[in-house]
1. Arrange C54, C127 by Cβ neighbour counts within 10 Å, fewest through most, would you?
2. With a 10 Å Cβ neighbour count serving as the proxy for reagent exposure, in which order, fewest first, do K265, K211 appear?
3. Assign one of three labels to segment 33-150, namely rounded, prolate or oblate, based on the Cα gyration tensor with a ≥ b ≥ c the square roots of its eigenvalues; rounded applies when a/c is under 1.5, prolate when it is not and a/b is larger than b/c, and oblate otherwise.
4. Rounded to the nearest 5, what % of the DSSP beta bridges within segment 8-112 are antiparallel ones?
5. By its C-alpha gyration tensor, with a ≥ b ≥ c as the square roots of the eigenvalues, how is segment 142-182 shaped: rounded for a/c under 1.5, else prolate for a/b larger than b/c, else oblate?
6. Go ahead and estimate [θ] at 222 nm for the chain from helices alone: -39,500 (n - 2.57) per DSSP H run with n ≥ 4, summed, over the residue count, rounded to 500.
7. Could you tell me what fraction of 2.2 N^0.38 Å the Cα radius of gyration of segment 113-155 comes to, as a two-decimal ratio?
8. Picking from W146, W97, W116, which is most flexible by a Gaussian network model of the chain using Cα springs under 10 Å?
Amino acid sequence: QSKPVPGGNNVLVEFEDGIAWVHLNRPEKRNAMSIELAREMNQVLDALELDDRCGVIVLTGKGEAFSAGMDLQGFFRASDAVSDVERHRAYRETRAWQWRTLMYYAKPTIAMVNGWCFGGAFTPLICCDLAVTDEAATFGLSEINWGIIPGGVVSKAISTLMGDREALYYVMTGEKFDGKRAKELGLVNEAVPADRLKDRTRELAKILLEKNPTTLRQARMAYKYAREMNWELAAEYLTAKGDQTTFVDKEKGREKGMVQFLDEKTYKPGHGTYKR
Ligand code: ACO
């Protein structure tokens with residue numbers, strides 16, 4: 001009996017050769033993110049972290065949108081209407097998947113931005129490791145247009161990738177921009193034509209699937225934590241993290257790489273990965 005596929009309502013998962021395509025699945029609401037969606041996404045991400053069918057996650061949206069941001073009805077109105085404790089929980093559950101879980105996920109993550117990407121959607125976009133967009137997608141920090149600030153952790157998230165002038169420009173004007181501009185701003189790795197979006201994302205995912213997964217995880221974590229540290233702490237931490245990587249890597253990549261390069265002379269690390 002095959003293992004059940006997580007999600008199924010607000011979140012749809014499709015497995016394909018090591019890639020878990022994780023779709024926000026409220027196309028009729030442009031994938032606006034409700035409290036229920038957050039709860040389901042937390043369950044899905046928890047499940048996929050331990051699921052062998054998933055080596056890489058691609059986060060994307062069903063239909064015309066990546067996501068039209070937080071659901072004004074199903075998140076803001078809904079959480080305004082409940083007790084302060086329940087509201088606190090709704091915010092926590094949303095932050096959990098959009099930020100903490102994705103940012104420090106055990107497996108690599110790619111955001112694939114199709115169509116609309118507004119407001120709160122910038123958080124999961126930025127917290128994925130890599131991002132590819134349709135060059136004609138539409139992005140916007142539209143909060144100012146309906147009387148709120150880029151809250152949650154949006155303001156913090158954009159400050160990690162965008163320059164201050166550009167971030168403040170879009171925070172203050174709410175002006176829309178396309179995928180090509182998102183690439184210029186550093187929000188995505190690549191902007192490609194719509195008909196290339198899925199293929200290019202798949203290619204990128206396959207490159208990641210070929211790497212030693214332990215080293216890949218350690219390298220992603222090392223980068224994300226080190227950027228928060230001063231140089232002294234970063235040097236000490238990265239040395240220790242490197243030693244830890246050797247310790248936890250069952251594949252013994254460091255040793256194999258050295259033997260294949262120095263002794264057997266069968267590969268050159270500058271040109272590609274060692275034979276696994
Ligand atoms: N919250 C709640 N419902 C939404 C949201 C949202 N963020 N975005 C779209 N919807 C709903 C619409 O109300 C509509 O519902 P209905 O069919 O019951 O009337 C349905 O989704 C389809 O949306 P339309 O507006 O009809 O779709 P259209 O393709 O014309 O426009 C667009 C798409 C531009 C994305 C528009 O829906 C929009 O401006 N959405 C809000 C974008 C936004 O500013 N998001 C909030 C950012 S701030 C934050 O996240 C904290």
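Read-outs throughout are calculated quantities, based only on the coordinates presented, and are distinct from any laboratory measurement. This is a predicted model, so every value here is computed, not measured. Cβ: placed from backbone, ideal geometry, glycine included. Neighbour counts: every protein chain shown.
1. If I rank by nearby Cβ atoms, fewest first, I get C54, C127.
2. Ordered by Cβ neighbours within 10 Å, fewest first: K265, K211.
3. Oblate is the answer for segment 33-150, as a/c is 1.5 or above yet b/c matches or exceeds a/b.
4. On the way: 6 of 16 bridges.
DSSP beta bridges in segment 8-112 are roughly 40 percent antiparallel.
5. The shape class here is oblate.
6. -12000 deg cm²/dmol
7. The value comes to 1.18.
8. With Cα springs under 10 Å in the chain, the top fluctuation among W146, W97, W116 is at W146.
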